[in-house]
Amino acid sequence: MSLILMEGGRRLSGAITVQGAKNSVLPILAATLLCGDICRIRRCPRLQDVETTMEILRHLGCRVWWESEDLLVDSSTVCCWEIPDQLMRKMRSSVIFLGAILSRCGQAKISYPGGCELGPRPIDLHLAALRQLGAQIEETGGSLCCYAEQMNGSELMLSLPSVGATENAILAACGAAGTTTIHNAAREPEIRDLQNFLCAMGADVHGAGSSTIHVVGKKRLHGCDHQVIADRIVAATYLSAAAGAGGDICLQEVDPGHFSTVTAALAQAGCRITCDETSVRLQSDRPLRGISLIRTSPYPGFPTDAQAVVMAALLRSQGTSVFVENMFENRYRHAAELRRMGADIRPEGRVAVVCGVPRLQAARVDSTDLRGGAALVVAGLQAEGITEVGEIHHIQRGYADIVGDLSRLGAVIRRENT
Ligand code: UD1
């Protein structure tokens with residue numbers, strides 16, 4: 001069993017660069033299937049989810065290998081269109097392979113990705129979009145069998161701006177004949193990164209970042225060289241860590257525009273934030289102030305993935321903060337663990353009220369999910385004594401080196417394998 005141990009009470013200081021974005025690299029790796037050539041993905045974070053994606057690509061017949069921080073994928077040897085159940089279960093976002101495999105092979109078989117720790121996560125919008133492009137999809141015994149000898153471009157209207165459904169629709173539309181327009185598309189920066197990657201492969205995609213995306217299908221794409229954007233949620237995590245513990249840190253090689261709602265919230269809490277085009281500096285001298293209302297919503301709103309870490313930053317603030325979680329039903333599971341450290345958090349349905357307390361005490365706590373686990377680390381850096389965080393496999397799904405990064409910022413933190 002592995003634990004992350006940290007001694008709270010140290011101010012953080014210094015500068016670090018931020019890893020590549022998990023939520024960019026996963027759909028981009030699926031998109032490598034489209035070209036039948038070699039792609040080099042720069043700044044690819046070494047994450048458990050990336051390992052799982054590599055396993056899926058290899059299962060499909062690709063050659064995949066690391067060259068330092070770059071991941072290379074040769075999809076010229078794809079020979080399979082099925083993803084086995086045990087690989088599908090390891091990572092919910094494996095559903096993004098559906099559009100990519102269909103585009104490349106004209107058929108796909110995957111198992112149904114179940115609900116996860118955040119509550120039910122349906123894929124009805126993904127399937128509706130693919131069906132509208134001409135895919136026939138049979139759902140039997142937990143499996144999805146999809147056939148699409150020929151997909152045709154279409155007008156797609158998403159009933160809500162789902163990130164995954166937008167990505168699946170883009171990937172399928174690249175292999176469809178003619179033009180597809182996706183209305184009410186998700187506007188996340190990771191979708192624009194996927195578009196940039198596809199265009200580097202010779203695809204015709206534009207509009208990502210807005211609510212309307214146009215894709216003109218193309219028969220042949222080619223290999224490319226692409227650098228993944230910085231991970232805005234990892235950036236939000238380290239900013240929250242310094243905000244809560246106090247300090248003066250600089251994050252480099254980021255796009256502060258991608259997480260401006262998070263920096264605005266931390267500024268409202270009393271942190272000093274200075275940004276230029278590629279870096280952000282945060283200075284925090286306790287105590288912070290509570291924030292009247294943080295509502296999560298699709299980009300460019302406040303990201304649901306940053307809710308837990310910003311909540312952890314505010315545990316010792318003066319006053320009350322109110323969170324409203326609009327994206328997922330079950331996203332306050334970290335609250336119970338934070339309460340073991342003395343936090344005063346009252347979740348009820350979609351709302352959680354945080355009353356600042358003067359101090360947190362170290363405790364033995366367990367990660368409940370990826371960002372919830374990171375929130376425990378953010379809290380542990382403020383707590384008196386040595387906090388032990390367990391179930392860190394959740395954290396490893398999305399943070400390439402949280403212990404190393406925070407150590408470089410002066411935290412007393414280590415990983416222990418027991
Ligand atoms: C992506 C991110 C995840 C983030 C989430 C919301 C990746 C790999 N993951 O997840 O980190 O928390 O966006 O910003 O990029 N929905 C449906 N039907 C569908 C699809 C979605 O009802 O077919 C609902 C979901 O239940 C949820 C909402 O739409 O309530 C948003 O989900 P979505 O944007 O699809 O999130 P993911 O792509 O799964």
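Is it the case that some residue within the range 180-193 is surrounded by 24 or more Cβ atoms within 10 Å (Cβ to Cβ), in a loop (DSSP other than H, G, I, E, B) and of a type in the set (D, E, K, R)? Scanning the range 180-193 turns up at least one residue that is surrounded by 24 or more Cβ atoms within 10 Å (Cβ to Cβ), in a loop (DSSP other than H, G, I, E, B) and of a type in the set (D, E, K, R). Scanning the range 124-136 for residues being within 13 Å of the ligand (Cβ to nearest atom) and either on the phi > 0 side of the Ramachandran plot or of a type in the set (A, V, I, L, M) (or both) gives a total of 5.
Once the range 19-59 is narrowed to residues that are part of a loop (DSSP other than H, G, I, E, B) and within 16 Å of the ligand (Cβ to nearest atom), the residue that is farthest from GLU253 (Cα to Cα) is LEU47. LEU71 - would you say it is under 22 Å from the mean Cα position of the chain (by Cα), aliphatic (A, V, I, L, M) and away from the ligand (no atom under 16 Å from the Cβ)? Yes; evaluated as a whole, the condition is true for this residue. The criterion of at least 3 residues that are free of Cβ contacts under 8 Å to residues at least 24 places away in the same chain is met by the following strands (runs of 3 or more DSSP E) wholly inside the range 285-383: 344-348. The condition of being more than 16 Å from the ligand (Cβ to nearest atom), assigned to a strand (DSSP E or B) and in contact (Cβ under 8 Å) with a residue 12 or more places away in the chain does not hold for ALA173. Taking ALA200 as the residue in question, decide whether it is among the aliphatic types (A, V, I, L, M), without any contact (Cβ under 8 Å) to a residue 60 or more places away in the chain and over 20 Å from ARG104 (Cβ atoms). Answer is no for this residue. Within the range 384-411, the set of residues being part of a strand (DSSP E or B) and more than 16 Å from GLN361 (Cα to Cα) comprises just one member, GLY390.
So that you can scan it fast, the table gives a plain yes or no per residue for (1) within 28 Å of PRO122 (Cα to Cα); (2) of a type outside the set (S, T, N, Q); (3) loosely packed, with under 15 Cβ neighbours inside 10 Å; (4) under 23 Å from the mean Cα position of the chain (by Cα):
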{"residue": "GLY301", "(1), (2), (3), (4)": "yes, yes, yes, yes"}
{"residue": "VAL310", "(1), (2), (3), (4)": "yes, yes, no, yes"}
{"residue": "MET327", "(1), (2), (3), (4)": "yes, yes, no, yes"}
{"residue": "ARG333", "(1), (2), (3), (4)": "yes, yes, no, yes"}
{"residue": "ARG339", "(1), (2), (3), (4)": "no, yes, no, no"}
{"residue": "ASP366", "(1), (2), (3), (4)": "yes, yes, no, yes"}
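Looking across the range 151-170, the residues that are away from the ligand (no atom under 16 Å from the Cβ), free of Cβ contacts under 8 Å to residues at least 40 places away in the same chain and either surrounded by 24 or more Cβ atoms within 10 Å (Cβ to Cβ) or more than 26 Å from PRO300 (Cβ to Cβ) (or both) come down to ASN152, SER154.
Bear in mind that the values in this text are calculations on the coordinates, not laboratory data. Just so you know, these numbers come straight off a predicted model, no measurement behind them. Please note: Cβ atoms are built from the backbone with ideal geometry, for glycine as well, and neighbour counts cover all protein chains shown.
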